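Novice: Just dropping this structure here.
The values are calculated or read from the model by the stated rules, or taken from the named source; none is laboratory data. These figures come from a predicted structure and were not determined experimentally. All Cβ positions, even for glycine, are placed from backbone atoms using ideal geometry, and neighbour counts span all protein chains on display. The area values use the complete protein model at the heavy-atom level, side chains included, leaving out ligands, DNA and RNA. Shrake-Rupley method; radii C 1.70, N 1.55, O 1.52, S 1.80 Å.
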Amino acid sequence: MCAAKIHDTSHITYESLLEGNQQFVADTLKIDPDYFTQLSNGQKPPVLWIGCADSRVPANQITNTKPGEIFVHRNIANMVVHSDMNMLSVLDYAVNVLGVKHVIVCGHYGCGGVIAASGHEQNGLVDNWLRHIKDVIRLHAAELEAITDQKEKVDRLVELNVIENVHNLTATSIVQNAWKNGKDLSVHGWVYTLSTGFIKDLKVSLNSSQNMDSVFKFR
Ligand SMILES: [Zn+2]
């Protein structure tokens, strides 16, 4: 196996996706003839996943879960940006309508967004989105500057970006109100390793506003 070889996608075409769908339906019905009828009745996922848009980090496959089991929001570099109406709408719906018990921010090592944010090249519009990661760099400058190995430094930045976005979740009125109202809700930070397939739990889980920075705390 050559380490530099990238997964071949040359067989993927517009038509092959539709053929793939036909195959998916046929295979699924063979195992469970009621599968789609039952799924169409509604959803009650216990988890909200906030992950990276990267094609190599699909929430269901890497957690061995099925459709209907994880509510998913993905964007470049798994960000929780307090003014992002898309993320806030997903979070509010997941917590207050679906009643999820867990919100997981899952980053991944080798994240193109994090790598770009750690450098100085322009990449277009996305640089404005990645600006939030530059804030993470500024917040943790002392720790990051002490790491001499470039790969190690970016790996740590991936972790710190997840941790900051878990904190960003707790700073939302949505999560704080859920806790104030006694809802069973936990937030977690994970990192996925592309080269092994394993997820690392950063052990930054929170289920109350008790230990959060007072400046972000609502009454
Ligand atoms: Zn990524």
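Novice: May I ask you to list the residues in the stretch 43-59 that are open to solvent by 40 Å² or more (accessible area, probe 1.4 Å) and either closer than 18 Å to HIS102 by Cα or free of Cβ contacts under 8 Å to residues at least 24 places away in the same chain (or both)?
Specialist: GLN43, LYS44, PRO46, ALA53, SER55
Novice: May I ask you to say which residue of VAL191, VAL204, VAL175 is modelled with pLDDT of 95 or more and touching a Phe, Trp or Tyr at 6+ places or on another chain (Cβ under 8 Å)?
Specialist: VAL191
Novice: Tell me the residue from SER83, SER89 that is within 28 Å of PHE216 (Cα to Cα), assigned to a loop (DSSP other than H, G, I, E, B), at pLDDT 95 or above and open to solvent by 20 Å² or more (accessible area, probe 1.4 Å), please.
Specialist: When all the criteria are applied, what remains is SER83.
Novice: I'd like to verify a number: residues in the stretch 123-145 that are over 13 Å from MET79 (Cα atoms) and among the hydrophobic types (A, V, I, L, M, F, W, C), how many?
Specialist: Residues that pass the stated criteria total 6.
Novice: Looking at ALA4, ALA77, ALA94, which one is assigned to a loop (DSSP other than H, G, I, E, B) and crowded, with 17+ Cβ neighbours inside 10 Å?
Specialist: It is ALA77.
Novice: Name every residue in the stretch 24-42 that is under 26 Å from ARG56 (Cβ atoms), free of Cβ contacts under 8 Å to residues at least 12 places away in the same chain and surrounded by 10 or more Cβ atoms within 10 Å (Cβ to Cβ), in order of residue number.
Specialist: PHE24, VAL25, THR28
Novice: Kindly check whether there is at least one residue in the stretch 169-192 that is aromatic (Phe, Trp, Tyr) and within 21 Å of the chain's Cα centre (by Cα).
Specialist: yes
Novice: OK, next. Please count how many residues of the stretch 101-131 are within 12 Å of the ligand (Cβ to nearest atom) and more than 17 Å from the chain's Cα centre (by Cα).
Specialist: Here the count works out to 3.
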